[in-house]
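Some notes on the structure that comes next.
The values are calculated or read from the model by the stated rules, or taken from the named source; none is laboratory data. None of the values given here were measured: they were computed from a predicted structure. Note that we place each Cβ from the backbone using ideal geometry, even for glycine, and neighbour counts take in every protein chain shown. With ligands, DNA and RNA removed, areas are computed over all heavy atoms of the protein, side chains included. Shrake-Rupley method; radii C 1.70, N 1.55, O 1.52, S 1.80 Å.
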Amino acid sequence: MKNEPLVSIITPVYNCELFLEQTIQSVLDQTYGNWELLLINDASSDNSDKIAERFKQKDKRIYLHHLHTNSGAAVARNVGLKQAQGKYVAFLDGDDLWKPEKLMRQVSFMEENRYVFSFTSYRIIKESGKERSKVIQAPNSITYEQLLSNTIIGCLTVMLNQDALGRLQMPTIRTRQDFMLWLSILKKGYIAHGLNEELAAYRKVGHSISSNKWKAAQRNWEIYRKHEGLPWFKSCCVFFSYAWNGVKKL
């Protein structure tokens, strides 16, 4: 692609020494070259900062910022968003992976169609890296009303045109901050456009999946009622749709 626009990749880093090298390497392996990788070390207590520093020394497109206290993914991503210089911003957590053609395919998708918000399909992998058979397929498009009922957009697949949307910040809450950002964008009338190609891998890390699901459900209900101000009955309707769609993703 001629005159490749710059893509700013924002990666919160917190105690992910087992996976971070693979994550960064998946960026280095991109067939698209005009990117900057903003690594935000969220006061890691393992060797994540040393791994990040080693890669920073190898490639001038990699930047490393240190937070003095652990502040959570929202704060770390917001630090990255403030520093991002690209026309496009993309998100990749320190334990997830991209396919080599991810940026090339998605930038082309957005440039050719003049989209401001896009996302792709992705595969779920085990903590060991072993692939699961489940692929989360990206629908053609998602509106605000549809997203309320279906949190199908994977943060690791999102690309946003910040030239069009303006400087972005995520709500500073511990979980579901990405979901709230997507809602705030779509609520303005934008549409999220899906590229139905498997271009990323989401790593399931942790021991209590059922506990995480329950906490996510509680957070979604809080978002419906407190943040989006939905009436009780509508909140119930979209919550049950969200829960059903969540079951289908298992």
Exercise. Among 228, 127, which is the only one that is over 30 Å from residue 27 (Cβ atoms), among the acidic types (Asp, Glu) and open to solvent by less than 80 Å² (accessible area, probe 1.4 Å)?
Worked result: 228
Exercise. Which residue pairs have Cβ atoms under 6 Å apart, sit 6 or more places apart or on different chains, and have a first residue in the range 224-239 that is in contact (Cβ under 8 Å) with a residue 12 or more places away in the chain and a second that is in a helix (DSSP H, G or I) and among the aliphatic types (A, V, I, L, M)?
Worked result: 238/148
Seminar exercise, completed: Restricting the range 188-223 to residues that are at pLDDT below 80 and among the hydroxyl-bearing types (Ser, Thr, Tyr), the one most open to solvent (accessible area, probe 1.4 Å) turns out to be 210
Problem set entry | Of all residues making up the range 76-92, the number that are in contact with a Cys (Cβ under 9 Å, 6 or more places away or on another chain) and open to solvent by 50 Å² or more (accessible area, probe 1.4 Å) | 0
Exercise. What's the number of the condition residue 119 fails, among (1) within 14 Å of the chain's Cα centre (by Cα); (2) open to solvent by 10 Å² or more (accessible area, probe 1.4 Å)?
Worked result: (2)
Problem set entry | Where a residue in the range 187-205 is farther than 28 Å from residue 14 by Cβ and its partner, wherever it lies, is hydroxyl-bearing (Ser, Thr, Tyr) and surrounded by fewer than 20 Cβ atoms within 10 Å (Cβ to Cβ), with Cβ under 7 Å and at least six apart | 187/144; 191/141; 191/143; 193/141; 194/141; 196/121; 197/121
Exercise. Among 28, 37, which is free of Cβ contacts under 8 Å to residues at least 60 places away in the same chain, within 23 Å of residue 110 (Cβ to Cβ) and touching a Lys or Arg at 6+ places or on another chain (Cβ under 7 Å)?
Worked result: 37
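Against the definition (among the β-branched types (Val, Ile, Thr), out of contact with any Lys or Arg (no Cβ under 8 Å at 6 or more places or on another chain) and either touching a residue at least 12 places away in the same chain (Cβ under 8 Å) or in a loop (DSSP other than H, G, I, E, B) (or both)), how does residue 120 come out, yes or no?
Here the answer is no, as residue 120 does not meet what is asked.
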Exercise. In the range 175-201, which residues are among the polar types (S, T, N, Q) and outside any loop (DSSP other than H, G, I, E, B)?
Worked result: 177, 184, 196
Exercise. For the range 17-40, which residues satisfy the criterion of being in contact with a Gly (Cβ under 8 Å, 6 or more places away or on another chain) and open to solvent by 10 Å² or more (accessible area, probe 1.4 Å)?
Worked result: 19, 22, 36
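Scanning for something polar (S, T, N, Q) and in a helix (DSSP H, G or I), does the range 84-102 turn up at least one residue? First the steps, then the outcome.
In the first step, residues of the range 84-102 are kept if they are polar (S, T, N, Q); the result is 85.
Subsequent filtering for residues that are in a helix (DSSP H, G or I) retains none.
Taking every residue of the range 84-102 in turn, none turns out to be polar (S, T, N, Q) and in a helix (DSSP H, G or I).
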Seminar exercise, completed: Note on residue 104: of the conditions (1) over 20 Å from residue 40 (Cβ atoms); (2) within 14 Å of the chain's Cα centre (by Cα); (3) of a type in the set (A, V, I, L, M, F, W, C), unmet is (2)
Seminar exercise, completed: Checked the range 97-153 for anything in contact with a His (Cβ under 6 Å, 6 or more places away or on another chain) and either within 24 Å of residue 11 (Cβ to Cβ) or of a type in the set (Lys, Arg) (or both); matches are 115, 118
Seminar exercise, completed: Flagged pairs (Cβ under 8 angstrom, 6 or more apart or on separate chains; first in the range 100-116, under 17 Å from residue 162 (Cβ atoms) and at pLDDT 95 or above; second open to solvent by 60 Å² or more (accessible area, probe 1.4 Å) and of a type outside the set (Phe, Trp, Tyr)) are 103/31; 107/1; 111/1
